[in-house]
Structure formats: C-alpha cells, structure tokens
Amino acid sequence: MIQLIRGFKDILPGEVELWQHIEHRAAELLEDYGFREIRIPIMERTELFSRSIGDATDIVEKEMYTFPDRKGELITLRPEATASVVRAYIQHKMHAADPVRKFYTVGPMFRRERPQKGRYRQFYQINAEIFGVASPLADVQLIVLLDTLFERLEVPDVRAHINSLGCPDCRPRYREALVSYLRTVEDVLCADCRRRMTTNPLRVLDCKVPDCRQAMTGAPILADYLCDACRKDFETVKKQLEKLGINYEIDGRLVRGLDYYTRTTFEMQTGALGAQSAVAGGGRYDGLVKMLGGPAIPATGFAVGFDRLAEVCGLSAERFVRKPALFIAALGAPSQEIAFEWICRLGAAGIEAEMDFEDRSLKSQMKRADRLGADYVLMLGEQELSRGVALLRNMRTRDQEEIPIKAIVAGLIHRLQP
Ligand code: ATP
Ligand code: MG
C-alpha cells in the first residue's frame, strides 16, 4: 500500500469541520478589519524566496522543496506566503492607485523540517499583510486582530511576545556588539551557529540547541541599541497594546526565521502547545517591497500556523460535524426510484437527505440511518406507496406520522429547513 509522504498529513472529515470553522471565522474577522483575500500560486521561481527570505536562513539553506521543472528552471514549493503576496503587489502595480492595501490568504506551505508534533512538511497558514502604512499602529492592529481571533476560538493562555529588530540604521551597531559577544562563547556554540556568526549572527539568537540557548543568556539585547526612531516606534506599540488590554511580554531574543523583518516583530504563543509554542508570527518588513523590485513601500504582516491553531482551539470539532436531516428508507424498486428523485430535489433545496441504494431490509436501513445520525427517517414501502402516503419518524422522540406523498418534497422542505 502506498502511504503518505513523511511529514505530510490528511485532514479527514470529523476534523476538517473544525478547520472549516476556523477558516471561516478568520476570514470574517479579517474582512471586518478591512483585509481582502488574495490567492497566490503554491509554486514560484526559487529566486523569489532565496532573495526575500535570505540565503543564510534555515528555510532557504535546508528546508525548501526546490526542483528543476522539465525545462530546467528552478522552482520551489512555497515555504511561506509573504514573498508571493509582495510579488503580486508589485507585478500588478497594486500600489499605483493607493499604496495602502490589506490582503489575506490561506493555504498550504512546504518546509522540509524534521517532522514532530506541531511541525509538518506540508502545513497551513493564514496570512495577513498591510502595505503602505509606516505607522506602528498597523503592527498593533495585527496583534489585536490575532488576539481577538484566538479569543473567539477559545485558545487558552495566549500571550503576545514582542521585540524590535531595529532598522538598517541601528542594526549594524547591534550586529557588531553581538558578533564580539559570540566570539567569547564560540566554543560552546553548535556548528550551525559558528557558521551563522559570519553569515547571519542574529539567527544565533533563534537557535533551539540547548547549549546555544544557554550561551546566549548573556548576549547583548537589541532593545539597548535601537535608534531614536525605532525606540519611539516600539514605545508606541507597547503603549497601544497596554491601552487595548493585550497580554504581552517583551522578548529581547525574538528574531524570527526570515531575514526581511525590521522594527516590530511578534509571536503569539500559548502555553497549551508544549515545545512548538508559537501559533503565529509576524512583524514589519519595510525593505522587502523595494528589494523585490517595487517602490519603497513599508509593510507589515503575520502568519498563523493553522495546524497548531486547530490543535489548541478550545472548540470541539464534533460541534461542527454535519448530519443528514433525513434518511429515506425505501423498500422495493418503485419506492427506491421515487426516493431517489426526492433526495435529489431535497439536496438541491439545501436539505441533506440520504438513502440506501442497495434495497436492503428495513432493519438494516434503519441501522444505517441511526449510524448517520439522521434526525428523521421517511419510510416508503409497497403498502405505503399504494395508499399514497409515507411514514415520517422523528428519530429523537420516536414519534411517527403518515404524510401524503402528494407535494411531499415541498412539505419536507418546509418541515426540515434549519
Ligand atoms: P518556528 O519557530 O515554530 O519554526 P517559524 O518562525 O519558522 O516558527 P514562521 O515562518 O513565522 O514560523 O510561520 C508562522 C507560523 O507558522 C509559526 O508560528 C507556526 O505556528 C507555523 N509553522 C511554521 N512552521 C511550521 C511547520 N513546519 N509545521 C506546522 N506549523 C508551522
Ligand atoms: Mg521554523
């Protein structure tokens, strides 16, 4: 038997209803905050990701699914959505009429990481991006939106972790201080981090190896190196979060896995997830639009880990699982034929109706109706047919009544409409 690829998964009925509910609630809230949906392809030219995410990041160095297509052009299954949204924003000149645009998108991402709980090779994200707003209030709005969404989805123990990554003016100074510090702890760092020291020293702060984490407890903190503009910006974020009653924490080591971030970065974490505690991550990426060939337009955004969100969502999937409203137990070929016409017409009218296509015994049909959890069973045998009636049984109360076959579909629609 051919099995799934490692790190990939199926989302089956019974679980998928919760995913549908989450997606629906998220889209609704995003629309209420003025975001509009954008759908982008799941493959792009590899260059788009290597240039935007950064060559010296884990994602580009070792996690991307990249292969040559039949003409030899390198393409990549997207590891994240922001690069594509930025590409679309530039390519369709969406900034021309009004640079301020807000988008969201939902879909699968691909990263070849080590599979474990909360970490898959195909996973799903809900993404939101705001273009054209330099004000830190846009960052605050994103955090508020996430906080509201998680509250509605009953995610327990949510906290926003925030940090400022500074800007091209002040980060180089921090980078220097960090590199000098790293030299003092070099021998305890893992091989990856020793390499990162020269390629991308900020990434060392994000290393998950315990020895590296330990070594970094004495590292200089970015917040101490911010320029006046970045500092003022970060103060505004904090003040507004307080004003809006958002539970937050300053996390001087929060650097995130992608190179394009500047100033405010954040993660939404929950105590309910164990090691993979981040349900969402995001922040400002003011340089990216220009870097990818567009005008100098600031931007900020987030990505929610859909799989992790579904895992910590306090709502049970069972609540959303649909059951047929009606099961028609038809006995004999003539009854079956009529029943078939009825279920087709009921389905078209928005009433989920099922039947058995095999002409089994009444007992086995009733059993199936029970298993499906149908609210009502309509029984139609030769005898009923000759009398021009059918028997409708309420499966909860066990009440039963005869109803005339004439105009029965309209009658059932009237009775069963939710
Ligand atoms: P992490 O530190 O957990 O690896 P990240 O910084 O790589 O996260 P982002 O690229 O910012 O994550 O993606 C945003 C969110 O997507 C994460 O907070 C997480 O919830 C989810 N996510 C990231 N990678 C995976 C994965 N391999 N499987 C499932 N969810 C993921
Ligand atoms: Mg990661």
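The values are calculated or read from the model by the stated rules, or taken from the named source; none is laboratory data. All of these numbers come straight from a predicted model, not from anything done at the bench. As a convention, Cβ positions derive from the backbone with ideal geometry for all residues, glycine included, and neighbour counts pool all protein chains shown. Note: accessible area is taken over every heavy atom of the protein model, side chains too, but ligands, DNA and RNA are not part of it. Shrake-Rupley method; radii C 1.70, N 1.55, O 1.52, S 1.80 Å.
Assorted remarks:
- Residue within segment 316-338 that is within 16 Å of ligand 1 (Cβ to nearest atom) and within 30 Å of residue 158 (Cβ to Cβ) present: no
- Applying the criterion of being open to solvent by 10 Å² or more (accessible area, probe 1.4 Å) and more than 16 Å from the chain's Cα centre (by Cα) to the residues of segment 277-291, the residue that is farthest from ligand 2 (Cβ to nearest atom) is 290.
- Summed over segment 82-111, residues that are within 18 Å of the chain's Cα centre (by Cα) and charged (D, E, K, R) total 2.
- Pairs where the first residue, in segment 55-71, is under 11 Å from residue 259 (Cβ atoms) and the second is among the small types (Gly, Ala, Ser) and at pLDDT 90 or above, C-beta under 9 Å, 6+ apart: 60/50
- Scanning segment 150-176 for residues that are in a helix (DSSP H, G or I), in contact (Cβ under 8 Å) with a residue 40 or more places away in the chain, more than 18 Å from residue 253 (Cα to Cα) and open to solvent by 10 Å² or more (accessible area, probe 1.4 Å) turns up just one, 152.
- Residues satisfying the criterion are absent from segment 213-224 (criterion: crowded, with 20+ Cβ neighbours inside 10 Å and not in a helix (DSSP H, G or I)).
- Matching residues in segment 185-208 - criterion: being closer than 10 Å to residue 56 by Cβ and part of a loop (DSSP other than H, G, I, E, B): 200
- Here residue 265 fulfils each of the conditions (1) touching a Phe, Trp or Tyr at 6+ places or on another chain (Cβ under 6 Å); (2) within 16 Å of ligand 2 (Cβ to nearest atom); (3) hydroxyl-bearing (Ser, Thr, Tyr) apart from (1).
- Residue 269 meets each of the listed conditions (1) assigned to a strand (DSSP E or B); (2) in contact with a helix residue (DSSP H, G or I) (Cβ under 6 Å, 6 or more places away or on another chain) apart from (2).
- Scanning segment 195-208 for residues that are loosely packed, with under 15 Cβ neighbours inside 10 Å and either touching a helix residue (DSSP H, G or I) at 6+ places or on another chain (Cβ under 8 Å) or free of Cβ contacts under 8 Å to residues at least 40 places away in the same chain (or both) yields a count of 2.
- Pair list, Cβ under 7 Å, 6 or more apart: segment 242-255 residue of a type in the set (Asp, Glu), other residue open to solvent by less than 90 Å² (accessible area, probe 1.4 Å) and in a strand (DSSP E or B): 249/159; 249/161; 251/161; 251/162; 251/163
- Within segment 296-313, being over 20 Å from residue 109 (Cα atoms) and either open to solvent by 50 Å² or more (accessible area, probe 1.4 Å) or near ligand 1 (Cβ under 10 Å from one of its atoms) (or both) holds for one residue alone: 296.
- Complete set of residues in segment 134-146 that are open to solvent by less than 40 Å² (accessible area, probe 1.4 Å) and assigned to a loop (DSSP other than H, G, I, E, B): 136
- Screening 236, 262 for residues that are open to solvent by less than 20 Å² (accessible area, probe 1.4 Å), modelled with pLDDT of 90 or more and closer than 23 Å to residue 302 by Cα leaves exactly one candidate, 262.
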